[in-house]
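Data first, discussion second: the structure below is written as structure tokens.
The values are calculated or read from the model by the stated rules, or taken from the named source; none is laboratory data. Computed from a prediction, not measured in an experiment: that's the story for all the values here. Reconstructed Cβ throughout: ideal geometry from the backbone, glycine too, with neighbour counts over all protein chains shown.
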Amino acid sequence: MAASVRHLLKPWTPSLCLMRWSRYNPYYLDPDPSKDARVPESELSPEEKELQELKTVSPIKAALSSDTSSAFNDPLISKFINMMMHDGNKILARGIMTQTLETIKRKQVEKYHKSPAAKREEIECNPYTVFHQALENCKPIIGLASVQKGGKSYQVPVPLTDNRRRFLAMKWLITECRDNKHRRTHMYEKLSQELLAAFTNEGNVVKRKHDLHKMAEANRAYAHYRWW
Amino acid sequence: MFITGAVYIRHYRKAMSGSVIQEKVAKLLSRQSGKPVLRPIKPLALKNEVASRKLKKGEATCVTEMSLLMACWKQNDFNNTVCSKEVSVFYTCVEKAQNKAKAKQGTQGRLLPKEANTLLKRFPNQSSEI
């Protein structure tokens, strides 16, 4: 009896702490953390001017704690880190990513110094461009969707959205590195090998993408089963 | 007070419409002239909900571009750099189709059943006078 009464006398504190939701009204704009990207008014086209005006008026979603205004903030790499993250261990995932980029840079610089002067210009040393290009090479163009028609389900070739393609590329990279490599190698080592292979359109991930394309091409007769 | 013709008619209709409907309904339910026309199970009142519409089945979009792309792939052993033109054409077609589908959803003058239901939930029909 006393305990229940004491519960009523305690000051009220919210038992939930406020986090950034993922459900916002569609008119909420995404936050833009880059502070140096402000272009002077004269250089903007009329559509961009409209966008800027919209930003001053409409509400904006709360920024994530991983969004920084630094020059090193890359949304693609942040997304990849989040996908690699396990049990919320962001520190470990970020550490692996930085080590991966460092390893890529080391390998490329070594290659650069070992190659003759004629071939040196072709070697890409910037790990960020290597990552972006490798991811582009891993993205599938057409996917397969399961469509039921007449009691039987068919694999129908279907165009994919940009988000879906990016997700598939990242997922394939991560699962490939986790499952199909030697267990004694570190994740950053496996990732760097796979990324460098994907950069030159070789390796298992690009092979998987090609397999998907081949399946889609084999099932091209069922393309009309789509209704969207 | 001078009322214009159209406004006068609207005024007249608005004042008359409620009671006219009630009289007609009473006539249909009455047992005075033989069996009643209506024998309602549920009360004759509007629900605060709209029935959802059947989704119209469209057709597959961008099939021609897809087939061109696949033909290019077959010729060049799935090399995307060689087929880059077909790929970009396919992407533009897909984007156009997506924009068209989005634009088509909300227009044609009527509210979507989902939107109507949200509005009705917030502003329901008055079943009794306050």
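Annotations
- Test: A:His182 is within 14 Å of another protein chain (Cβ to nearest Cβ) and out of contact with any strand residue (DSSP E or B) (no Cβ under 8 Å at 6 or more places or on another chain): no
- Hits in the stretch B:28-70 (condition: surrounded by 12 or more Cβ atoms within 10 Å (Cβ to Cβ), farther than 30 Å from B:Glu95 by Cβ and among the small types (Gly, Ala, Ser)): B:Ser30
- The residues of the stretch B:19-40 that are more than 33 Å from the chain's Cα centre (by Cα) and among the hydroxyl-bearing types (Ser, Thr, Tyr), listed by number, are B:Ser30, B:Ser33.
- Criterion violated by A:Lys49 - all others in (1) of a type outside the set (Val, Ile, Thr); (2) modelled with pLDDT of 90 or more; (3) assigned to a helix (DSSP H, G or I) satisfied: (2)
- Residues satisfying the stated conditions in the stretch A:109-148, i.e. within 14 Å of chain B (Cβ to nearest Cβ) and loosely packed, with under 11 Cβ neighbours inside 10 Å: A:Gln148
- Any pair with Cβ under 8 angstrom, 6 or more apart, that starts in the stretch B:78-99 at a residue that is closer than 14 Å to A:His213 by Cα and ends at one that is polar (S, T, N, Q) and surrounded by fewer than 18 Cβ atoms within 10 Å (Cβ to Cβ): B:Cys83/B:Asn76
- With respect to being at pLDDT 95 or above, surrounded by 14 or more Cβ atoms within 10 Å (Cβ to Cβ), among the hydrophobic types (A, V, I, L, M, F, W, C) and closer than 29 Å to B:Cys62 by Cα, A:Ala223 falls outside the description.
- Looking across the stretch B:105-117, the residues that are surrounded by 11 or more Cβ atoms within 10 Å (Cβ to Cβ) and either out of contact with any Ser or Thr (no Cβ under 8 Å at 6 or more places or on another chain) or acidic (Asp, Glu) (or both) come down to B:Leu111, B:Leu112, B:Glu115, B:Ala116, B:Asn117.
- Leading residue by the ranking (farthest from the other protein chains (Cβ to nearest Cβ)) among those in the stretch A:185-228 that are within 24 Å of the chain's Cα centre (by Cα) and acidic (Asp, Glu): A:Glu189
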